[in-house]
1. Please list, in order, the residues from the range 113-141 whose amide nitrogen is less than 16 Å from a point placed 7 Å along the Cα→Cβ vector of residue 103.
2. Check residue 174: other-chain or 5+ apart residues with amide H under 5 Å from its amide H, H built from backbone geometry?
3. Ranked highest first by average number of other Cβ atoms within 10 Å, how do 110-120, 47-57 line up?
4. Got a sec? Which residues in the range 144-175 would a label at residue 118 touch, if it sits 7 Å along Cα→Cβ and we count backbone N under 16 Å?
Amino acid sequence: MPRPWVIAASLPLFLAPAFVSAATPDSTTAPAVQAVVDCRKLADDTARLACYDKAADALGAAEANGDVVSLDRTQRAQVRKEAFGFALPSLTVLDKGEKPEAVDRIDDVVASAGQTPDGKWVIRMQSGAVWRQIDDYELARRPKPGMPVVIKRASLGSYMANVDGQPALRMHRDQ
């Protein structure tokens, strides 16, 4: 059986929903994770082991009840991809220890599409994202379920969406 300090040293990044307001502005370490890290400071082997056992139990309970969420690098990249199109500065907490690859484009598929009374397209993607047209361009072919969509970051916080290879519509993400 691995020693507790080996397990603690290999723990992935942990995020707690409450730590943003509970922690200091410069801190992004959840208290349950910090408790495990603090055990390293104990010189006495018995006290350190007891500390690790107690902190690991608390950390496991916090993760089980949702107070702490652990994400590895791949999961953090997926969160960034799913948030494409939203202005979420708080996602920088996912960048701890790395410079993330910029997501400037996503590929998706039309799940459904409709037009607003003023003729603007609202397109729901298979990923669940909802994009709304903000320009006056008209498509030659109506977006239909199953059509591929490429959405790229554009200027001034907007995005350009190519539906099934047609010229791009300027879009804004609603959901």
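Each value in this text was obtained by applying a stated rule to the coordinates, not by laboratory testing. Because the structure is a prediction, the values reported are computed rather than measured. Neighbour counts are summed over all protein chains in view; Cβ atoms, including those assigned to glycine, are modelled from backbone coordinates with ideal geometry.
1. Residues 125-131 qualify, since their backbone N sits under 16 Å from the label point.
2. HN-HN under 5 Å from residue 174: 130, 131, 132.
3. Details: 110-120: 12.7, 47-57: 15.6.
The packing order, highest mean first, is 47-57, 110-120.
4. Within reach of a label on residue 118, which here means backbone N under 16 Å from a point 7 Å along Cα→Cβ, the range 144-175 contributes 170-174.
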